[in-house]
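Report on the structure given below.
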Protein chains: 4
Amino acid sequence: MLSSEVKIRVRYGETDRMGYLYYGNYPLYYEVGRTELLRKHGFAYKILEDSGILLPVADMKVEYYFPALYDEELTVKTSILKKPGVKIEFLYEIFNSENLLINKATTTLVFVKASDRKPCKPPKDFSDLVDRFF
Amino acid sequence: MLSSEVKIRVRYGETDRMGYLYYGNYPLYYEVGRTELLRKHGFAYKILEDSGILLPVADMKVEYYFPALYDEELTVKTSILKKPGVKIEFLYEIFNSENLLINKATTTLVFVKASDRKPCKPPKDFSDLVDRFF
Amino acid sequence: MLSSEVKIRVRYGETDRMGYLYYGNYPLYYEVGRTELLRKHGFAYKILEDSGILLPVADMKVEYYFPALYDEELTVKTSILKKPGVKIEFLYEIFNSENLLINKATTTLVFVKASDRKPCKPPKDFSDLVDRFF
Amino acid sequence: MLSSEVKIRVRYGETDRMGYLYYGNYPLYYEVGRTELLRKHGFAYKILEDSGILLPVADMKVEYYFPALYDEELTVKTSILKKPGVKIEFLYEIFNSENLLINKATTTLVFVKASDRKPCKPPKDFSDLVDRFF
């Protein structure tokens with residue numbers, strides 16, 4: 001299993017009228033979570049994309065347990081639970097400043113060629129990297 | 001069944017580097033969808049909230065089929081499939097300008113009192129309104 | 001002078017903890033304002049960009065007079081005050097539902113070639129269109 | 001003079017179709033800049049707000065010199081140039097990963113009482129803190 005953690009502080013502009021992190025802003029945090037997970041393991045998402053491969057999101061499931069407050073420093077724990085193929089699945093667990101699990105989500109992303117947007121295998125260096133963990 | 005449609009045009013600032021509507025911006029469109037569904041049936045979400053009841057999102061499931069492009073006018077069809085109690089579930093179907101279903105999602109929202117954030121029944125005028133449809 | 005108006009309703013996700021439209025979300029509304037001004041006069045910004053010309057923003061000046069509230073329908077009046085050259089300047093005036101001027105802004109955008117990001121003249125059909133008004 | 005620096009990495013969802021940080025997302029970065037400046041000097045904006053004082057933005061001036069790219073780590077340098085009274089003015093200078101100044105902005109914020117939204121003096125502990133620097 002591959003996993004990593006990143007801290008994200010809730011910005012004022014990301015809250016809503018309820019005073020909470022807007023439910024639609026969590027996907028931004030998941031994006032940071034998976035980007036930093038890849039970076040930590042030596043794989044910049046930007047380089048993947050520059051090499052002609054995109055990773056659009058195919059599905060997302062989110063459970064909101066507790067609100068995240070303005071200025072709170074959250075911990076986003078991101079994991080890859082199983083060996084990726086054409087698809088790659090991420091699990092996100094967000095903990096608030098009191099270490100309470102406030103949000104859990106999964107996303108499935110698909111490797112596609114930028115040229116024709118057809119699904120494809122992940123690049124070899126990515127597979128080599130990831131295979132070590134499964 | 002209660003349903004309604006609203007048109008939303010994809011803003012430049014809502015696209016990402018891929019040139020598509022960012023996956024994290026769809027929840028904003030779902031919000032517009034359910035707000036307009038309620039408004040169309042005589043129920044302003046703002047008034048609900050001003051009366052001391054909030055409707056936070058408890059879970060969300062999203063399937064992304066095709067990308068939405070910059071400046072495209074999308075149709076968001078929002079439905080309430082079953083009679084709401086403490087929870088209310090919305091279904092969203094987004095069609096692009098060629099009437100292709102590009103995205104489908106559900107969200108569950110919970111009626112809570114603003115004072116103590118405890119779950120509660122929907123207000124009577126809301127129930128009366130909704131009961132006519134189920 | 002070229003001008004046009006467009007209605008925009010404030011989304012929940014665009015408000016902040018104060019209950020107001022977040023100060024950083026106004027530029028999204030200006031974008032809608034200038035896009036619709038161009039569209040109304042037969043010129044789709046998307047087509048401009050597809051033809052290899054970009055219009056990045058070079059500067060922006062904003063004055064915030066009164067807050068915009070959640071669910072309020074605002075009127076964004078957008079104008080081009082003087083004949084554009086390499087640069088084009090837009091004026092935005094935002095009125096709330098009581099027709100009070102709540103926000104005023106200007107932005108300067110620059111025509112650049114997508115290929116080398118160098119400033120360039122606007123395309124001929126754009127100049128022809130605009131010249132009729134000055 | 002009071003100043004401080006904070007690093008912000010450009011998120012995918014903050015870029016636009018041009019591949020750049022969307023011009024409307026810079027104000028979010030200014031917000032982070034001034035929040036961290038205050039925090040560094042022992043003053044949490046959240047506590048200010050919890051004490052019944054808001055700091056809405058009255059005006060903003062932005063100059064965009066160069067684009068900010070996806071995944072780039074930017075440095076936001078925020079300064080308070082003169083002694084604040086009812087108004088407080090911030091200067092923001094954003095440098096890209098090559099230490100090039102890509103964006104400069106100023107914002108004026110006004111201390112107002114949350115109860116009646118009337119302008120007011122800053123709280124005494126804030127003035128005491130700030131006065132040491134001017």
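Within the range B:32-53, is there a residue that is surrounded by fewer than 20 Cβ atoms within 10 Å (Cβ to Cβ), within 13 Å of chain A (Cβ to nearest Cβ) and more than 24 Å from C:Arg9 (Cα to Cα)?
No, every residue in the range B:32-53 fails to be surrounded by fewer than 20 Cβ atoms within 10 Å (Cβ to Cβ), within 13 Å of chain A (Cβ to nearest Cβ) and more than 24 Å from C:Arg9 (Cα to Cα).
Among (1) more than 14 Å from every other protein chain (Cβ to nearest Cβ); (2) outside any strand (DSSP E or B); (3) surrounded by fewer than 19 Cβ atoms within 10 Å (Cβ to Cβ), where does A:Ser97 come up short?
Answer for A:Ser97: the failing condition is (1).
Just one of the numbered conditions (1) more than 14 Å from chain A (Cβ to nearest Cβ); (2) touching a Gly at 6+ places or on another chain (Cβ under 8 Å); (3) closer than 18 Å to A:Tyr64 by Cβ; (4) not acidic (Asp, Glu) is not true of B:Ile88; which one?
(2)
Would you mind telling me which numbered condition in (1) at positive phi; (2) within 7 Å of another protein chain (Cβ to nearest Cβ); (3) in contact with a helix residue (DSSP H, G or I) (Cβ under 7 Å, 6 or more places away or on another chain) D:Tyr22 fails?
(1)
Every residue in the range C:7-17 that is part of a loop (DSSP other than H, G, I, E, B) and more than 7 Å from every other protein chain (Cβ to nearest Cβ), please. Before you say what the answer is, go through the steps one by one.
Kept after step one, since they are part of a loop (DSSP other than H, G, I, E, B), are these residues of the range C:7-17: C:10-11, C:16-17.
Within the range C:7-17, just C:Val10 meets the criteria.
Just name the residue that is nearest to D:Lys124 (Cα to Cα) out of those in the range D:71-100 that are hydroxyl-bearing (Ser, Thr, Tyr) and modelled with pLDDT of 95 or more.
Top of the filtered list is D:Ser79.
Return the residues of the range C:55-88 that are basic (Lys, Arg) and over 13 Å from the mean Cα position of the chain (by Cα); say none if nothing qualifies.
C:Lys82, C:Lys83, C:Lys87
Do you know which of the residues in the range A:59-75 that are touching a residue at least 40 places away in the same chain (Cβ under 8 Å) and of a type in the set (Ser, Thr, Tyr) is surrounded by the most Cβ atoms within 10 Å (Cβ to Cβ)?
Only one residue tops the list, namely A:Tyr64.
Restricting attention to the range C:46-67, does a residue exist that is assigned to a helix (DSSP H, G or I) and aliphatic (A, V, I, L, M)?
yes
If I ask for residues that are assigned to a loop (DSSP other than H, G, I, E, B) and either within 11 Å of chain D (Cβ to nearest Cβ) or within 23 Å of D:Tyr22 (Cβ to Cβ) (or both), which ones from the range C:68-78 would you list?
Once the filter is applied, which keeps residues that are assigned to a loop (DSSP other than H, G, I, E, B) and either within 11 Å of chain D (Cβ to nearest Cβ) or within 23 Å of D:Tyr22 (Cβ to Cβ) (or both), the range C:68-78 yields C:Ala68, C:Tyr70.
Do you know which of the residues in the range B:18-34 that are touching a strand residue (DSSP E or B) at 6+ places or on another chain (Cβ under 8 Å) and in a helix (DSSP H, G or I) is farthest from A:Leu54 (Cα to Cα)?
Checked the range B:18-34; the qualifying residue farthest from A:Leu54 (Cα to Cα) is B:Arg34.
Of the conditions (1) at negative phi; (2) of a type outside the set (Asp, Glu); (3) more than 7 Å from chain A (Cβ to nearest Cβ); (4) touching a residue at least 12 places away in the same chain (Cβ under 8 Å), B:Pro27 fails just one. Which one is it?
Result: B:Pro27 passes all but (3).
What are the residues in the range A:17-52 that are of a type in the set (Ser, Thr, Tyr), more than 12 Å from the chain's Cα centre (by Cα) and farther than 14 Å from A:Ala68 by Cα, if any?
Correct list: A:Ser51 only.
State which residue is nearest to A:Asp50 (Cα to Cα) when the search covers only the range D:76-88 and only residues that are of a type outside the set (A, V, I, L, M, F, W, C) and surrounded by 16 or more Cβ atoms within 10 Å (Cβ to Cβ).
Selected residue: D:Lys77.
Of all residues in the range A:31-68, how many are at pLDDT below 95 and of a type in the set (Phe, Trp, Tyr)?
2
When you go through A:Val57, A:Val62 one by one, which is the residue that is at the interface with another protein chain (Cβ under 7 Å from one of its Cβ atoms) and either aromatic (Phe, Trp, Tyr) or in contact with a Leu (Cβ under 7 Å, 6 or more places away or on another chain) (or both)?
Working: A:Val62 fails: either aromatic (Phe, Trp, Tyr) or in contact with a Leu (Cβ under 7 Å, 6 or more places away or on another chain) (or both).
Of the residues listed, the single one that is at the interface with another protein chain (Cβ under 7 Å from one of its Cβ atoms) and either aromatic (Phe, Trp, Tyr) or in contact with a Leu (Cβ under 7 Å, 6 or more places away or on another chain) (or both) is A:Val57.
Just give me the residues in the range D:105-126 being hydroxyl-bearing (Ser, Thr, Tyr) and out of contact with any Gly (no Cβ under 9 Å at 6 or more places or on another chain), in sequence order.
D:Thr106, D:Thr107, D:Thr108 - these are the residues of the range D:105-126 that are hydroxyl-bearing (Ser, Thr, Tyr) and out of contact with any Gly (no Cβ under 9 Å at 6 or more places or on another chain).
The values are calculated or read from the model by the stated rules, or taken from the named source; none is laboratory data. It should be emphasised that the depicted structure is a prediction, and the values quoted were computed from it without experimental measurement. Methodologically, a virtual Cβ is constructed for each residue, glycine included, from the backbone with ideal geometry; neighbour enumeration extends over all protein chains shown.
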